[in-house]
Structure formats: structure tokens, C-alpha cells
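Student: One structure, pasted below without further comment.
Coordinate-derived values only; no laboratory data. This one's a predicted model, so the numbers in the text were calculated from it and none came from an experiment. Here the Cβ is made from the backbone with ideal geometry for all residues, glycine too, and neighbour counts use every protein chain on show.
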Amino acid sequence: MGELSPGSTPRRWIPEGGEQKHREKIHRESKFAEDHKNLPFSFSKPPRNKKHEAFECIECGNTIWAPINTIMCVCSCCNKATKVERIKE
């Protein structure tokens, strides 16, 4: 048995009023909580790691900017998952 792709089966539970009303309710309640309740946290995207360096694809030599702990990535030129090496300056 494998993993199902998203949307291949119907929802197990359909919210009262439909999915659109359910999304609107979630948005409205989170906006109210952010504006009116003095919560010790906020709703936001997690911060991105800003430490990126230049790497070189072993297959084709393409230069890629990636996080400092990168070992492999999909090269935009050769479209393969390949190992990359940090370019030493």
C-alpha cells in the first residue's frame, strides 16, 4: 500500500457551510486573535536561514546558491539530484 496523492480521495469530513466558509472562519478568528487578544506570540511564517553560500554542481559545473549545510540538490541546468561542492574563495 502506497501513499495517496492529494485530492485523489474526497474529504472525510465536510465542514458545515462548505470548505470556503470554513477557511473564511479560520481567517476571521485568527485575525481577531491577532488584533484583539494580547497573545505572547504572533501568526507568521518561520524565519528563513540567511546563511547561503555558492556551491558548484559536480555534474555540469553550474553555480548554485544554497544554505551552508547543503550536500545535494537538484541542479537547474542538468535537472539531476547531484552532489555539490562549496566554492572556496
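Student: Hey, can you tell me all the residues within segment 24-34 that are aliphatic (A, V, I, L, M) and within 24 Å of the chain's Cα centre (by Cα)?
Tutor: Result: Ile26, single match.
Student: While we're here: Being hydrophobic (A, V, I, L, M, F, W, C), over 24 Å from the mean Cα position of the chain (by Cα) and within 30 Å of Ile87 (Cβ to Cβ), is that true of even one residue in segment 6-23?
Tutor: no
Student: Here is a further query. Taking Glu53 as the residue in question, decide whether it is in a helix (DSSP H, G or I) and either at positive phi or surrounded by 10 or more Cβ atoms within 10 Å (Cβ to Cβ) (or both).
Tutor: No, not satisfied.
Student: Take segment 71-89 and flag every residue that is outside any strand (DSSP E or B) and touching a Lys or Arg at 6+ places or on another chain (Cβ under 8 Å).
Tutor: Result: Ile71, single match.
Student: Applying the selection to segment 59-75, what residues are touching a Cys at 6+ places or on another chain (Cβ under 9 Å) and either over 23 Å from Pro47 (Cβ atoms) or exposed (fewer than 11 other Cβ atoms within 10 Å of the Cβ) (or both)?
Tutor: Glu59, Cys60, Gly61, Asn62, Thr63, Cys75
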